[in-house]
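> The following block contains the structure, expressed as structure tokens.
The values are calculated or read from the model by the stated rules, or taken from the named source; none is laboratory data. Only a predicted model underlies this, so the values are computations on that prediction, with no experimental measurement involved. Neighbour counts are summed over all protein chains in view; Cβ atoms, including those assigned to glycine, are modelled from backbone coordinates with ideal geometry.
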């Protein structure tokens, strides 16, 4: 195991204020040893401030952070055992990759051979075993972030804090590196908290997720539980659901999808919940093409009463209908979620 250190993190009633503005408002967080938790929310919601408060870089107005049960208020940032990795990695460009990774070990005056072995081990972990002598300036953005992560792990943190670690990269690279990052932090076995505004990234990285809005945690739990049961319309929209159905429309769709929905309940639906299919059981009329992506042609359809207007996608092998065309629609229940 690269690093067996695992710590329990508990945040209790933490508030951080800047003047009259409360950036973090009475937040409670609990992260089990070795767990990967994502704090997910839009820009400006307070998630990075929360991470800095856990690290000891921002002083809370009230509340406390506990690591393995110990109150961290009297403990300075450099003694908490937390390492905070920012989106730009902040490498030392005048040092080689190996020198960057081994920097924390040299500060501790570790023996040269121990540093060499440890650096080699960490570079293998992040998939850069053959780049020890390279200069950071010669690396791609994704490679630089891997080096920064290896350097963070070399410090043997009790808690690894990742602040938008992939946001500076382009979408394709972020998607690839998210898979690698998930493997690395799990192989390392360190308690990890990652801040992101990207729900796809959180889905890949985390065991549990906490959704944050305007300084507060609005929903938390295991990833699949939150994903499949958004608390309210805002959460559903933030998680990428295209529409929220209520009343008779929600009841009719739930019946067609064979889902249990409480009387008067709402149903969140992705566009991919409604798929044009010649053998589908629902009738609809095509209104317009909403958007075209690499994976879907999204449409606006008008289903028969009581469902009405929905966002939908063109099924595999189905022709793209024209405005006014009558089509049949099938429902993919996996793309629906009861709200509440």
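> Spot the failing condition for residue 237; the list is (1) part of a helix (DSSP H, G or I); (2) over 29 Å from residue 212 (Cα atoms), and only one is missed.
It is condition (2) that residue 237 fails.
> Could you tell me whether the stretch 172-187 includes any residue that is assigned to a strand (DSSP E or B), in contact with a strand residue (DSSP E or B) (Cβ under 6 Å, 6 or more places away or on another chain) and either in contact (Cβ under 8 Å) with a residue 60 or more places away in the chain or not assigned by TED's automatic domain parsing to the domain that holds residue 82 (or both)? Can you show your working first?
The initial filter retains those residues of the stretch 172-187 that are assigned to a strand (DSSP E or B), namely none.
No - not one qualifying residue is present in the stretch 172-187.
> Can you spot a residue in the stretch 188-195 that is without any contact (Cβ under 8 Å) to a residue 60 or more places away in the chain and either outside the structural domain of residue 144 (by TED's automatic domain parsing) or within 14 Å of the chain's Cα centre (by Cα) (or both)? Walk me through how you get there before you give the answer.
If we filter the stretch 188-195 for residues that are without any contact (Cβ under 8 Å) to a residue 60 or more places away in the chain, which is where we start, we get none.
Taking every residue of the stretch 188-195 in turn, none turns out to be without any contact (Cβ under 8 Å) to a residue 60 or more places away in the chain and either outside the structural domain of residue 144 (by TED's automatic domain parsing) or within 14 Å of the chain's Cα centre (by Cα) (or both).
> Going by the conditions given, is residue 261 under 20 Å from residue 194 (Cβ atoms) and not in a helix (DSSP H, G or I)? Quick ask: steps written out before the conclusion?
Numbers: under 20 Å from residue 194 (Cβ atoms): no; not in a helix (DSSP H, G or I): yes.
For residue 261, the condition - under 20 Å from residue 194 (Cβ atoms) and not in a helix (DSSP H, G or I) - is not met.
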